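The values are calculated or read from the model by the stated rules, or taken from the named source; none is laboratory data. This one's a predicted model, so the numbers in the text were calculated from it and none came from an experiment. Because the Cβ atoms are built from the backbone with ideal geometry, glycine has one as well, and the counts that use them run over all protein chains shown. All accessible areas refer to the heavy atoms of the entire protein, side chains included, with ligands and DNA or RNA removed. Shrake-Rupley method; radii C 1.70, N 1.55, O 1.52, S 1.80 Å.
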Amino acid sequence: MAEFLQYLVTGVTIGSIYALAALGFAIVYNASHVINFAQGEFIMIGGMATATLTAAGVPLPLAILAGIAGAMLVGVLIAKFAVERARNASVVTLIIITIGASIFLRGLAEVVWGKEFHRLDSFSGNAPLMLGGAVVTTQSLWVLGVTAALILATGLFFNRTMAGKAMLATSHNRLAAQLVGVNVRHVVLAAFALSAALGAMGGAVVAPITYSYTEMGIMLGLKGFAAAALGGLGNGVGAVAGGLIVGIAESLSAGYISSAYKDAVAFVIIVAVLVFMPGGLFGRAGTERV
Amino acid sequence: MSALHRHRTDALPEEPPASAPRAAAPLLRVEGLSREFGGVLAVADLSFTIAAGTVHSIIGPNGAGKTTLFNLITGVYRPSGGRVLFDGRDVTGMAPYRLAALGLSRTFQNLQIFMNMTAVENVMVGRHRHLDTRLLPALLRLPSLVRRDHAAADRAAELMRAVGLERYVGTDAASMPYGALKRLEIARALAAEPKLLLLDEPAAGLNATEKKEIGAVIRRIADTGITVVLVEHDMKMVMGLSDHILALNYGRKLAEGRPEEVARDPDVVAAYLGSHG
Amino acid sequence: MTHRLLGLGLLAVVLALLPLGLPNNFYLDMAILAGLNAIVCVGLNLLVGFAGQVSLGHAGFFGIGAYATAVLVSTHKWPALLALAAGALLSAVIAFAVARPILRLKGHYLAMATLGIGIIISIVLRTETRITGGPDGMIVDPLNVFGFEVYGERVWYWVVAGLLLVTVWLALNLIDSPVGRALRALHGSEVAAETLGVDTARFKAMVFVLSAVFASVAGSLFAHYAGLITPAKADFLKSVELVTMVVFGGMASTFGAVVGAAILTVLPQLLTVFQDYQHMMLGLILMLTMVFMPKGLLPTLAGLVQARTSLGGRR
Ligand SMILES: Nc1ncnc2c1ncn2[C@@H]1O[C@H](COP(=O)(O)OP(=O)(O)OP(=O)(O)O)[C@@H](O)[C@H]1O
Ligand SMILES: [Mg+2]
């Protein structure tokens, strides 16, 4: 039981990061119908910036904010100069554009930060807590707390603020939103900025657990995509649920089946689910109009 | 013209000529057909039959369920209830490509042209079920396959002439005007050599001259013995071409009968003309 | 069509003359690798470019071919061609098994599913250390065909060039056949293709299997040629590289796929002069090309030429 609890804690922790990445995918997908393969790089930027800046003596909160600001800037630039210009391109072309962006960002990160691993201390000491026999690190609590706060804030943003509602409206009906005066171009930029901020914040809080390195975003991003698809593309709640499901399944199978196949779990799940539910777990099964 | 005639004599010899006494068994029978979308019935408990060799029109205001009915008959949508019988066979829920093999062909209200191909290639796809579609002969370009392909290309060009598209044979579909694409869909559907041809608003968006021409094309198709089901808002065309009319509203049958009967039907006048008046 | 043979002849001439222009084995090596990538891309283009079905997992099939060869030839001493065929068969079986369920998916969901399949294959190759040697990979015996050893860059060049020509010929044949039209039709309008009698699920599966077999064969040859195979050759980044070549060169253009494979095989080598900045440059070039030439290199150039000549004709 304690063992199971331990796996659960580990799974929810890493699942939180997947959830943040998946939420980022969902937000961008809603605004622009683009799957942003550079989403993982936002996580990388957040982790790397926080680790290297604190190592250089910058206070932690400032380092995190700098990482978020950097990621948001990058996100807006990608949206403005790549995605927006290729609006009418095919799905594959858009995929390659965002993959090009991710290769560029990893290359840039190598130049700026080097290829080595960067350590970041836990935010509040290394003394772990015990919870029903399971060890919970304080950093796990940070991850859980920050993720919960971000998800809550994102939910409030979309449901309570004018800007958030405008973004939602755009995702439901672009033309109608445009007609009632929503600037859909700004919506796309805002979506990239928001998803970048979520990713970078996730990267910063997870860095003490995973270390940071320039390639950390690849797998995190792909699993985030898997989580987003699991929940149904463009479904925010589904994305968060998808992230947690992937994280927990991964941790449980690493514990009980084989840790070598841990990284495959997310993809086995998503392929299996898509075979039976082509729109993800929470996707609507509409009939295509002919 | 000649292409359409050859069509009958070569491809459908077993079909009785249009003038022969009609067999008792209808070509298409629809029984209690329904389809709902999100709780709303687009087609509701609809029953009717279509006799072989006739032109059968389906009319009704926007949203009446005409296109949905076509989609149900051709297997594009699955019905929520009811049955479709084609040529005496229960074909409910059958995949579209199987129905095509049985002799069902259609056009689309919203153009479904293969924009990545030339016009004649579009029509040649219509010949698909009459060609060698195995992988290996295609990879090796076996002479027998090439021969049949050339014949298919000739036949496709002939059909394009029959609908008045001879000048577009080698043109990329993407660069053809709308009116020509409407006819291209008809030529493509004919290439499959159907027994039953469903046309979804073939004259929509055309000018008066083009409408007249399309009307003549449909007349000629019907004269070759192909059974035609026509969905069209242009009442003049419908009245001129149809042997039989079915009027729908809100997915239900409003009236049915010979053109002049349906046109006089007070419900039809109220519903249909009311919304189009 | 003579048009078809013209392109094929031109490719043959270029391939025949190319070694004259390549000063040493370093360049020959690049040409061989480009040729092997081109074989994969011509097949992948049938799937992605012509049939319009995304795959972000084809390196998985490249890996299956490569590892089948490595394991069967080096460990079990099978004849090379038999091992190559066995790899192709395994790829075909796996591709066929997953094809029907996943090719019902569209757009990004299909991208996700193929990406997932590819990653699962690469993780299996990385993890089954006892068979595959794990992350360090496997040494592979040289290619030996009926007692003749294929040895040295020059011989390999002719083998790969010949095979590339055959691959292109097969692809061109296919495109201009009822099967090819069915594939292009289901790309243009799936519902129209279905109502005209095209069993779209069957043709999607067919082209998926075919492209997997091309990738597998190229993988087998690569294993022999390189003499070493690692799981990196089957991973996500390799899959992305392959699709990028197809899209870069021009979707639905067989020669575009060849050109894309050639350029993107050579480009990273050229970019090494930028040293630390090479990845940034590669990413930037990809982005800019796709933003400004979303249809890819060859179709864009062909469009320009056409616009030019038609303008000239009017004058
Ligand atoms: N795929 C679908 N998903 C949801 N609702 C649909 C779908 N297809 C049709 N409907 C609904 O079914 C009803 C009937 O639509 P249909 O297109 O069949 O009408 P129609 O008679 O062809 O109209 P029109 O004359 O405008 O072409 C409409 O309310 C439409 O919104
Ligand atoms: Mg309609």
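Is it true that C:Arg154 is basic (Lys, Arg), open to solvent by 10 Å² or more (accessible area, probe 1.4 Å), modelled with pLDDT under 95 and over 21 Å from the mean Cα position of the chain (by Cα)? For C:Arg154, the condition - basic (Lys, Arg), open to solvent by 10 Å² or more (accessible area, probe 1.4 Å), modelled with pLDDT under 95 and over 21 Å from the mean Cα position of the chain (by Cα) - is met.
Are any of the residues in the range A:122-145 within 14 Å of another protein chain (Cβ to nearest Cβ) and in a helix (DSSP H, G or I)? Before the answer, list the steps.
Taking the range A:122-145 first, the residues within 14 Å of another protein chain (Cβ to nearest Cβ) are none.
No: the range A:122-145 contains no residue that is within 14 Å of another protein chain (Cβ to nearest Cβ) and in a helix (DSSP H, G or I).
A:Asn235 meets the conditions (1) at pLDDT 95 or above; (2) away from chain C (no Cβ under 12 Å); (3) closer than 30 Å to C:Ala99 by Cβ in every case but one. The failed one is (1).
Taking the criterion of being closer than 17 Å to A:Val273 by Cα and assigned to a loop (DSSP other than H, G, I, E, B), the residues of the range A:203-243 that qualify are A:Gly232, A:Leu233, A:Gly234, A:Asn235. From the list B:Ala204, B:Ala247, the lone residue that is within 16 Å of ligand 1 (Cβ to nearest atom) and within 16 Å of the chain's Cα centre (by Cα) is B:Ala204.
Residue-by-condition table, conditions (1) away from chain B (no Cβ under 14 Å); (2) closer than 23 Å to A:Ser258 by Cβ:
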residue: C:Ser122; (1), (2): yes, yes
residue: C:Arg126; (1), (2): yes, yes
residue: C:Gly133; (1), (2): yes, yes
residue: C:Gly147; (1), (2): yes, no
residue: C:Gly162; (1), (2): yes, no
residue: C:Val168; (1), (2): no, no
residue: C:Ala171; (1), (2): no, no
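The residue of the range C:176-185 that is nearest to C:Gly107 (Cα to Cα), among those that are facing another protein chain (nearest Cβ under 9 Å) and among the aliphatic types (A, V, I, L, M), is C:Ala185. Here the range B:61-100 is the region considered, the condition is being among the hydrophobic types (A, V, I, L, M, F, W, C) and within 16 Å of ligand 1 (Cβ to nearest atom), and the residue that is surrounded by the fewest Cβ atoms within 10 Å (Cβ to Cβ) is B:Val76. Of all the criteria given as (1) out of contact with any Ser or Thr (no Cβ under 7 Å at 6 or more places or on another chain); (2) at pLDDT below 90, the one not satisfied by A:Gly125 is (1). When you go through C:Gln269, C:Gln306 one by one, which is the residue that is more than 13 Å from every other protein chain (Cβ to nearest Cβ), in a helix (DSSP H, G or I), open to solvent by 50 Å² or more (accessible area, probe 1.4 Å) and of a type outside the set (A, V, I, L, M, F, W, C)? C:Gln269 is the lone residue from the list that is more than 13 Å from every other protein chain (Cβ to nearest Cβ), in a helix (DSSP H, G or I), open to solvent by 50 Å² or more (accessible area, probe 1.4 Å) and of a type outside the set (A, V, I, L, M, F, W, C). The residue list C:Asn173, C:Asn144 contains one member that is out of contact with any Asp or Glu (no Cβ under 8 Å at 6 or more places or on another chain) and surrounded by fewer than 16 Cβ atoms within 10 Å (Cβ to Cβ), which is C:Asn144.
Taken residue by residue, the range A:35-53 has no member that is part of a helix (DSSP H, G or I) and at pLDDT below 95.
Here A:Leu60 qualifies as open to solvent by 40 Å² or more (accessible area, probe 1.4 Å), over 25 Å from A:Phe282 (Cα atoms) and touching a residue at least 12 places away in the same chain (Cβ under 8 Å).
Restricting the range B:30-60 to residues that are surrounded by 20 or more Cβ atoms within 10 Å (Cβ to Cβ) and within 7 Å of ligand 1 (Cβ to nearest atom) leaves a set whose member that is nearest to the other protein chains (Cβ to nearest Cβ) is B:Ala42.
Determine whether C:Ala97 is within 14 Å of chain A (Cβ to nearest Cβ), more than 17 Å from C:Lys233 (Cβ to Cβ), under 21 Å from the mean Cα position of the chain (by Cα) and open to solvent by 20 Å² or more (accessible area, probe 1.4 Å). Taking the combined requirement at face value, the residue satisfies it.
Taking the criterion of being within 16 Å of ligand 2 (Cβ to nearest atom) and of a type in the set (Phe, Trp, Tyr), the residues of the range B:67-98 that qualify are B:Phe70, B:Tyr77.
The residues in the range C:36-53 that are open to solvent by 10 Å² or more (accessible area, probe 1.4 Å) and of a type outside the set (S, T, N, Q) can be counted, and the count is 2. Taken as a whole, the range B:112-128 holds no residue that is within 25 Å of B:Gly257 (Cβ to Cβ) and open to solvent by 30 Å² or more (accessible area, probe 1.4 Å).
There is no residue in the range C:198-210 that is surrounded by 23 or more Cβ atoms within 10 Å (Cβ to Cβ) and among the small types (Gly, Ala, Ser). Restricting to the range A:131-147, and then to whatever is small (Gly, Ala, Ser) and in contact (Cβ under 8 Å) with a residue 40 or more places away in the chain, can you tell me which residue is nearest to A:Gly203 (Cα to Cα)? Among those that are small (Gly, Ala, Ser) and in contact (Cβ under 8 Å) with a residue 40 or more places away in the chain, it is A:Ser140. Scanning the range B:112-168 for residues that are more than 8 Å from chain C (Cβ to nearest Cβ), free of Cβ contacts under 8 Å to residues at least 24 places away in the same chain and β-branched (Val, Ile, Thr) gives a single hit, B:Val146. Restricting attention to the range A:72-82, the residues that are open to solvent by 10 Å² or more (accessible area, probe 1.4 Å) and within 10 Å of chain C (Cβ to nearest Cβ) total 2. One residue alone among C:Ile131, C:Ile117 is over 30 Å from B:Leu145 (Cβ atoms) and open to solvent by less than 30 Å² (accessible area, probe 1.4 Å), and that residue is C:Ile117. Filtered by the rule that a residue be open to solvent by 30 Å² or more (accessible area, probe 1.4 Å), closer than 21 Å to B:Ile50 by Cα and facing chain C (nearest Cβ under 9 Å), the range B:101-111 gives a lone residue, B:Ala101.
Taking the range B:218-277 as the range and being among the acidic types (Asp, Glu) and either under 20 Å from B:Phe108 (Cα atoms) or modelled with pLDDT of 90 or more (or both) as the test, the residues that pass are B:Asp223, B:Glu232, B:Asp234, B:Asp243, B:Glu256, B:Glu260, B:Glu261. Just one of the listed residues (A:Leu175, A:Leu198) is free of Cβ contacts under 8 Å to residues at least 12 places away in the same chain and assigned to a helix (DSSP H, G or I), namely A:Leu175. Of the residues making up the range B:73-98, those that are in contact with a strand residue (DSSP E or B) (Cβ under 7 Å, 6 or more places away or on another chain) and either within 14 Å of chain C (Cβ to nearest Cβ) or more than 22 Å from B:Ala44 (Cβ to Cβ) (or both) are B:Ile73, B:Thr74, B:Tyr77, B:Phe86, B:Val91. For the condition within 16 Å of ligand 1 (Cβ to nearest atom), of a type in the set (A, V, I, L, M, F, W, C), surrounded by 13 or more Cβ atoms within 10 Å (Cβ to Cβ) and over 20 Å from the mean Cα position of the chain (by Cα), A:Val290 qualifies. Out of B:Phe114, B:Phe108, one residue alone is away from ligand 1 (no atom under 16 Å from the Cβ) and assigned to a loop (DSSP other than H, G, I, E, B). It is B:Phe114.
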